[in-house]
1. Roughly how many Å is it from the Cα centre of the range 348-422 to that of the range 52-97, as a whole number?
2. Arrange CYS343, CYS245 by Cβ neighbour counts within 10 Å, fewest through most, would you?
3. Which residue, chosen from PHE235, SER280, SER218, occupies the Cα position most advanced towards the positive end of the dipole of the range 213-284, where the dipole is computed from +1 (Lys, Arg) and -1 (Asp, Glu) charges on Cβ about the Cα centre?
4. DSSP beta bridges in the range 40-161, what fraction antiparallel, as a percent rounded to 5?
5. Toward the positive end of the charge dipole of the chain, about the Cα centre and with charges on Cβ (Lys, Arg +1; Asp, Glu -1), which of THR89, ALA121, THR464 goes farthest?
6. Restricted to Cα positions, what overall size does the range 351-494 have along the principal axes? Three whole-Å values, descending.
7. Tally Lys/Arg at +1 and Asp/Glu at -1 over every other residue whose Cβ is under 13 Å from the Cβ of PRO95; what's the total?
8. If you place +1 on the Cβ of every Lys and Arg and -1 on the Cβ of every Asp and Glu, how big does the dipole about the Cα centre of the range 287-442 come out, in debye to the nearest 20?
Amino acid sequence: MESAVLSRIGLAGLAVMGQNLALNIAEKGFPISVYNRTTSKVDETVSRASDEGSLPVSGHHSPREFVLSIRRPRSIILLVKAGNPVDQTISALLPFLDPGDSIIDGGNEWYELTERRQREAASHGLLYLGMGVSGGEDGARHGPSLMPGGHLQAYKNVEEILVRAAAQVDDGPCVTFVGEGGAGNFVKMVHNGIEYGDMQLIAEAYDVLRSAGGLSNSEIAAVFEEWNRGELESFLVEITADIFCVPDEHSGGELVDKILDKTGMKGTGKWTVQQAAELSIAAPTIAASLDSRYLSGLKDERVAAAEVLKQAGMESGLLSGRSIDKKKLIDDVRQALYASKICSYAQGMNLLRAKSEEKGWNLNLGELARIWKGGCIIRARFLDRIKKAYERNRGLANLIVDPEFAREMVQRQAAWRRVVGLAVEVGISTPGMCASLAYFDTYRRARLPANLVQAQRDYFGAHTYERVDHPGSFHTEWSKIARKTKSGAAGVFN
Ligand code: NBP
């Protein structure tokens, strides 16, 4: 029996993300039922709802009570740990759901698991969405970027809620129906891959400023604050400026210097790189950021390697004797960071397009750039420019060749090369910036040394090659001809 007291929507899984998203939805005026396996979190959420303005949140300790408290057709958001917990939560709710109800998994789920669950849900007459949610705790509470994909009707059933709960930017709420199947999860995965790239590039900028420029933490904070007022304006640059200002309460100085240099990860960056490889899409900046995390994890080995190489004669002061113009270095690093970032986004966008073509998702890259303008971790001023680039040309082969970005890359390349050159010379590893620059230099060259690689492949494996001057596929008996030629002609060094 339905009554006016039923909730408009339900949410199961009340850890950081679920609790905050539930309060956000309730604050936007949509009564919400909440449930969590460990029931103390239900009570905690209800108590927060009361403290934060008597928000319309009703807590339930049993799956049955929870499901029956929601208006039909029901929409239930899951925000539990990805993988088995999602299946277990669905199993707990399933006996009480009715045909036409929808499940919306908001976790960082592998897109194929979402597609499997969509098929299973359909066999029970249920609709299913896999919805990327980005923005961390604060985003979930005050406006995340939402990337729902799957069954369109499931989206329509909650569109008014998602539109109100999402971050709001100058050109609308940061939510759009991304596409069918696991498109929402896939887009969120690539968002995270791009996030890895951004974080790595920022860390490299910091390393060059600190290790080559000799900037102090307070100077670095001021640099990032300044950058955040220009073309690099973004959430990650903003929080980076803040990080360098936080003192260490235990032993003085800044906390950032006391943090162990080992980066953690949960897997979405790895999936992005794996997918890029599967789809033959070059994503070297994102791959370099993943590799850097792996290498950072080898702390003990790195400490030992530093010692072995010192004993072997490795100089520690490769910089000594060089005079660095700090002001110029700061300006060069800003440009190198910006240009590297464009290459990284180009890689992510091309991965999305390749997957969209494979799966028939019809992803709208400009619209994805728009919903990333607010709420999410990669939100940045320049996403508006990316959006416009794809609006100008929906079939744009690569961001680098959009006329505006092309001009910017060319303007920045001298500074970019100076930064990478300096880093290489003095031994500061900048894998992300180097990967981006190599990506740019490879993509922009009409002729690459791939002719030689083809010749080698044909030499040892008869893999054949194409010619630049005649159509068709060719094979050459390289070793026979080379032997004959060598025996018939004097070598140049003879
Ligand atoms: P966690 O990923 O830490 O998961 C904790 C939640 O999963 C709790 O509600 C927990 O219930 C529930 N859970 C687990 Br663990 N095993 C369960 C099981 N077998 N059956 C039922 N429930 C189970 O929470 P989170 O950090 O809020 O993230 C939720 C989702 O959102 C994840 O997929 C995450 O990757 C994604 N995400 C997180 C962030 C972020 O910043 N944290 C950002 C964007 C997306 P319990 O209380 O009973 O243990």
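1. For the range 348-422 versus the range 52-97, the Cα centre distance is 38 Å.
2. CYS245, CYS343
3. Value: SER280.
4. In the range 40-161, DSSP labels about 45 percent of beta bridges as antiparallel.
5. Result: THR464.
6. On the principal axes, the range 351-494 reaches 69, 46, 24 Å in Cα extent.
7. -2
8. The calculation lands at about 640 debye.
Every read-out reported here was derived from the displayed coordinates using simple, explicitly stated rules and does not represent laboratory data. Note that the structure is a prediction, hence the values are computed from the model and not measured. Cβ coordinates were reconstructed from backbone atoms using ideal geometry, including for glycine residues, and neighbour counts include every protein chain displayed.
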